[in-house]
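Colleague: I have a structure I would like to understand better, so I am pasting it below and will then ask my questions one at a time.
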Amino acid sequence: MVSEADHKANDETETKNIPVIEIRNLNKSFGDNHVLRNFNADLYKGENLVVVGKSGSGKSVLIKCIIGLMKPDSGTIHMYGKNIPDLDETELDTIREKTGFLFQSNALYDSMTVRENLEFSLRRHQLKAETEKVNELVMEALTNVGLAETVDMMPAELSGGMKKRIALARTLILKPHIILYDEPTTGLDPITGKEISSLMLEVQKKYKTSSIIISHDMNCIKITSNRVVLLIDGRCYAEGTYEKLKKSNDVKVNLFFE
Amino acid sequence: MNYSIFPDQWKTFLNEAGAISRFTGRFFKIGFKPPYEFRELLKQCFYIGYKSLGLVGITAFIMGLVITIQSRPTLVEFGAEAWLPKMVSVSLVREIAPVITALICAGKIGSSIGAELGSMKVTEQIDAMEVSGTNPFKYLVVTRVMAATLMVPVLAVFADAVSLYGGFLGANIRGVVSWDLYWNQVFQTLVYSDILPSVFKTYFFGFAIGIIGCYKGYNSQKGTEGVGQSANSAVVISSLLVFIIDLIAVQVIDLLNFT
Ligand SMILES: Nc1ncnc2c1ncn2[C@@H]1O[C@H](COP(=O)(O)OP(=O)(O)O)[C@@H](O)[C@H]1O
Ligand SMILES: [Mg+2]
């Protein structure tokens, strides 16, 4: 939940650039496959940072390291004042409670209804919450993504765009401060992709979240990004606003932005 | 040709065995620590136990029937036809019903757990659980392994009863054995040392089926093909384990002089 104090801090720091995630010298390899090599990046409070890179360049590995699903070989990831790779399961849980993660494949539990999907994260974190409150939160999250009527449907009955929205609702239900999106528009038609992008922008405005968005969809980048980081060969190759990178003369950068 | 005394197949086999042991170790390490997932456990018991009743019942019934029919000629040769219920009930209760139940469960439960967890793994649902603050090992693996361990013995006892009933019908196809006489003979023959060890070993069958199904699913490789492979090898390995455990159980029971 965003408190009064948070709102103030947010307004004050829009220009001050207070980092909420600091990634330093991150290395991760699988056997001989060096996926991340001394990767550095910062996510500032209230911004949408888009990470662009080829398929297989390690973008998913990067955000899985941030949420603690993978352990980097070396390097630090500071978030809420803690170094993620050092944390144990219990400490990770408290971090994850404040951090949303939207999976590339949505990862909706297909044996559960939409309602049960949304309740699943809730009943963990707020075990004491009474049924009425839970129901209220579920409906609020679904209304936010415009799909209140699907509450009793199974994931298999939903279209790709609807699944993405439900996955987003499942993330939003805990009112996260930071959201990590893994290719939110990949696999969707351009129109649905734009709808999802606008929704992400709405979320940023409404809940004052800071987000890392992984994408190579130019429409999505244009709509959602405040800043873009280019991941090439496991390093942060270039960094700047969408407009700045689009005008860049670098050949490798141009490949993505033409 | 590689004639090394330590060929690659052995390496793969030992690696796999080591990984399964570690997986089992993890089960014992976190399986009995709170919080417990009672609701999921009950749900799994329902799926594993109740939903297998029909299949186990039909198979056990047919086994009881055919074993009785097949045994009759040999006994007739010795003029020992009256021993039919005695002989059949011992082989059914000691060996056939538990092992057939376990094999049916290895096929039905092992494959469904393997496929279910496998598809949850490749579609990142297991990661999603972890991110949402639930220990997926506890929620998915511990509940399924416990449910299989608890339910397979129940199914085996059910199979004992049904197969003995099949035996009664089988005995009546050619000869005439009254209901009372049949059950009298059966219960005169069967003693606790026939029933208890054979039920006891089904706990191990159930545990092996649960662990292997979960291990294979939980470690599924990327892609839909990986899910199929997980389900398939879950069935193969757990069926094989059922026989190995059975072999060991027979030796142990023999040593303990239960007979
Ligand atoms: N669990 C894993 N084991 C081995 N290799 C992996 C694993 N996860 C990712 N990789 C490898 O890391 C590289 C980057 O993968 P990924 O981050 O998924 O790419 P993308 O940028 O498309 O999201 C790929 O070469 C992939 O093969
Ligand atoms: Mg990816």
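Colleague: Would you work out the relative contact order for the stretch A:108-175, in percent, from Cα pairs under 8 angstrom that are 6 or more residues apart?
Modeller: Values: 61 pairs, mean separation 32.9, N = 68.
Relative contact order of the stretch A:108-175: 48 percent.
Colleague: Report the Stokes-Einstein translational diffusion coefficient (µm² s⁻¹, integer) for the stretch B:52-107, Rh taken as the Kirkwood radius over Cα pairs, at 37 °C with viscosity 0.692 mPa s.
Modeller: On the way: Rh = 11.9 Å.
This corresponds to a translational diffusion coefficient of 275 µm²/s.
Colleague: Cα atoms only: what Rg and Dmax, in Å, come out for chain A?
Modeller: Cα only, chain A: 18.1, 57 Å (Rg, Dmax).
Colleague: In Å², what does the accessible area per residue of chain A work out to with a 1.4 Å probe? Write out the running numbers ahead of the final one.
Modeller: Working: 12060 Å² over 258 residues.
Normalised by residue count, the accessible surface of chain A is 47 Å².
Colleague: Find the centroid of the Cα atoms in the stretch B:168-183 and in the stretch A:180-232, then give the distance between the two in whole Å.
Modeller: The two parts, judged by their Cα centres, are 74 Å apart.
Colleague: Then there's this: If I fit a long axis through the Cα atoms of helix B:143-174 and take the longest principal axis of the Cα atoms of chain B, what angle between them do I get, 0 to 90°, rounded to 10?
Modeller: 20 degrees
Colleague: If the cut-off is a Cα-Cα distance under 15 Å, which aspartates and glutamates reach B:LYS108, setting aside same-chain residues fewer than 8 apart in sequence?
Modeller: B:GLU116
Colleague: Percent relative contact order of chain B, based on C-alpha pairs within less than 8 angstrom and at least six residues apart?
Modeller: Details: 329 pairs, mean separation 80.2, N = 259.
This gives 31 percent for chain B.
Colleague: Which whole-percent values make up P(r) of the stretch B:200-243 when all C-alpha to C-alpha distances are grouped in 5 Å steps starting at zero?
Modeller: Once binned at 5 Å, the Cα pair distances of the stretch B:200-243 give 5, 27, 28, 19, 11, 6, 3, 1.
Colleague: Mind checking the angle between helix B:38-49 and chain B's longest principal axis? C-alpha axes, 0 to 90 degrees, to the nearest 10.
Modeller: Result, in degrees: 40.
Colleague: Roll a 1.4 angstrom probe over the protein heavy atoms and tell me the percent of accessible area of the stretch A:108-175 that is carbon or sulfur.
Modeller: Values: 1600 of 3100 Å².
That fraction is 52 percent.
Colleague: Continuing with this model, one more query. In the stretch B:135-179, which residues become less accessible by 20 Å² or more once every protein chain is in place, relative to the chain on its own, using a 1.4 Å probe?
Modeller: B:TYR139
Colleague: Report the equivalent ellipsoid semi-axes for the stretch B:1-144 in whole Å, largest first, defined as the square roots of five times the eigenvalues of the gyration tensor built from alpha carbon atoms. The partial results should precede the final answer.
Modeller: Details: eigenvalues 337, 124, 36 Å².
So the three semi-axes of the stretch B:1-144 are 41, 25, 13 Å.
Colleague: So how much accessible surface do A and B hide from each other in total, probe 1.4 Å, in square angstrom to the nearest 100? Don't skip to the end; give the middle numbers.
Modeller: Details: alone 12820 and 14250 Å², together 25500 Å².
By this definition, chains A and B bury close to 1600 Å².
Colleague: Mind telling me which of A:GLU243, A:GLU195, A:GLU47 comes out most flexible in a GNM of chain A, alpha-carbon contacts under 10 Å?
Modeller: Among A:GLU243, A:GLU195, A:GLU47, the largest GNM mean-square fluctuation belongs to A:GLU243.
Colleague: Once the Cα gyration tensor of the stretch B:105-259 is diagonalised, what are the square roots of 5 times its eigenvalues, in whole Å and ordered largest first, as equivalent ellipsoid semi-axes? List each step's numbers first, then the result.
Modeller: On the way: eigenvalues 306, 57, 37 Å².
Largest first, the stretch B:105-259 gives 39, 17, 14 Å.
Colleague: While we're here: Highest GNM mean-square fluctuation, chain B, Cα pairs closer than 10 Å: which of B:ASP246, B:ASP160, B:ASP127?
Modeller: Maximum fluctuation in the GNM of chain B, among the listed residues, is at B:ASP127.
Colleague: Could you count how many Lys pairs in the stretch A:97-199 have their Cα atoms under 21 Å apart, skipping same-chain pairs fewer than 8 positions apart?
Modeller: 10
Colleague: Follow-up. Which lysines, if any, have their Cα less than 16 Å from the Cα of A:LYS28, not counting same-chain residues under 8 positions apart?
Modeller: A:LYS59, A:LYS64, A:LYS71
Colleague: Moving to a separate point now. Starting from the coordinates of the alpha-carbon atoms of the stretch A:108-175, obtain the Kirkwood hydrodynamic radius over all distinct pairs and give the value in Å to one decimal. Working shown, then result.
Modeller: On the way: mean 1/r = 0.0858 Å⁻¹.
Hydrodynamic radius (Kirkwood, Cα only) of the stretch A:108-175 equals 11.7 Å.
Colleague: Okay, moving on. With angles folded into 0 to 90 degrees, how steeply does helix B:179-189 sit against the dominant principal axis of chain B? Use alpha carbons for both and round to 10.
Modeller: Taking Cα atoms only, the helix is inclined about 70 degrees.
Colleague: When N counts the residues of the stretch B:67-179, how does its alpha-carbon radius of gyration compare numerically with 2.2 N^0.38 Å, as a ratio? Walk me through the intermediate numbers first.
Modeller: On the way: Rg = 21.5 Å, N = 113, 2.2 N^0.38 = 13.3 Å.
Against the empirical 2.2 N^0.38 Å value, I get 1.62 for the stretch B:67-179.
Colleague: How big is the dipole moment of the stretch A:108-175 about its Cα centre under a simple scheme where the beta carbon of each Lys and Arg is +1, that of each Asp and Glu is -1, and everything else is neutral? Debye, nearest 20, please.
Modeller: 360 debye
Colleague: Continuing with the same structure: Where the accessible area of the stretch B:37-255 is counted over protein heavy atoms with a 1.4 Å probe, how much of it, in %, is carbon and sulfur? Kindly include the intermediate steps, with their values, before the conclusion.
Modeller: Working: 6830 of 9870 Å².
The nonpolar share, carbon plus sulfur, comes to 69 percent.
Colleague: Counting each pair of different Cα atoms once, what's the Kirkwood radius of the protein assembly as shown in Å, rounded to one decimal? Let's see the in-between values first.
Modeller: Details: mean 1/r = 0.0378 Å⁻¹.
Over the protein assembly as shown, the inverse of the mean reciprocal pair distance is 26.5 Å.
Colleague: Can you tell me the length gained on complete extension of the stretch B:LYS51 to B:ILE244, counting 0.36 nm per residue apart and subtracting the Cα distance? Spell out each step's value before the answer.
Modeller: Working: separation 193, 0.36 × 193 = 69.48 nm, distance 2.62 nm.
This chain segment gains 66.9 nm when fully extended.
Colleague: How much FRET efficiency would the formula 1/(1 + (r/R0)^6) give for A:GLU239 and A:LEU201, where r is the Cβ-Cβ distance and R0 is 22 Å, rounded to 0.05? Please report the intermediate quantities before stating the final value.
Modeller: Numbers: r = 21 Å, r/R0 = 0.95.
Computed FRET efficiency for A:GLU239 and A:LEU201 comes out at 0.60.
Colleague: Would you mind giving the average projected area, over all directions, of the Cα convex hull of chain B in nm² with one decimal? Show your work: numbers first, answer last.
Modeller: Working: hull surface 73.3 nm².
Over all viewing directions, chain B projects a mean Cα-hull area of 18.3 nm².
Colleague: If the convex hull of the alpha-carbon atoms of the stretch A:145-209 is projected onto planes in all directions, what is the mean projected area in square nanometres? Present the calculation step by step, with values, prior to reporting the outcome.
Modeller: Numbers: hull surface 17.9 nm².
Averaged projected hull area, Cα only: 4.5 nm².
Colleague: Can you list the residues of the stretch B:100-132 that have at least 20 square angstrom less accessible area with all protein chains present than in their chain by itself, probe 1.4 Å?
Modeller: For the stretch B:100-132, once contacts with the other chains are taken into account, B:THR123, B:GLU124, B:GLN125, B:ASP127, B:ALA128, B:MET129, B:GLU130, B:VAL131, B:SER132 lose 20 Å² or more.
Colleague: Restricting to Cα pairs below 8 Å that are 6+ residues apart, what does the relative contact order work out to for chain A? Please round to a whole percent. Display every interim value, and only then the final one.
Modeller: Working: 450 pairs, mean separation 66.5, N = 258.
For chain A, the relative contact order is 26 percent.
Colleague: Take the stretch A:69-193, drop everything but the C-alpha atoms, weight them equally and run the Debye formula without solvent; then report log10 I(q)/I(0) at 0.10, 0.19, 0.23 Å⁻¹ to two decimals.
Modeller: Taken in order of the listed q values, log10 I(q)/I(0) reads -0.35, -1.08, -1.36.
The values are calculated or read from the model by the stated rules, or taken from the named source; none is laboratory data. The model shown is predicted, which means the values in this text are computed figures rather than measured ones. Quick reminder, even Gly has a Cβ in these numbers, built from the backbone with ideal geometry, and neighbours come from all protein chains shown. These area figures cover heavy atoms from the full protein model, side chains too; ligands, DNA and RNA do not enter into them. Shrake-Rupley method; radii C 1.70, N 1.55, O 1.52, S 1.80 Å.
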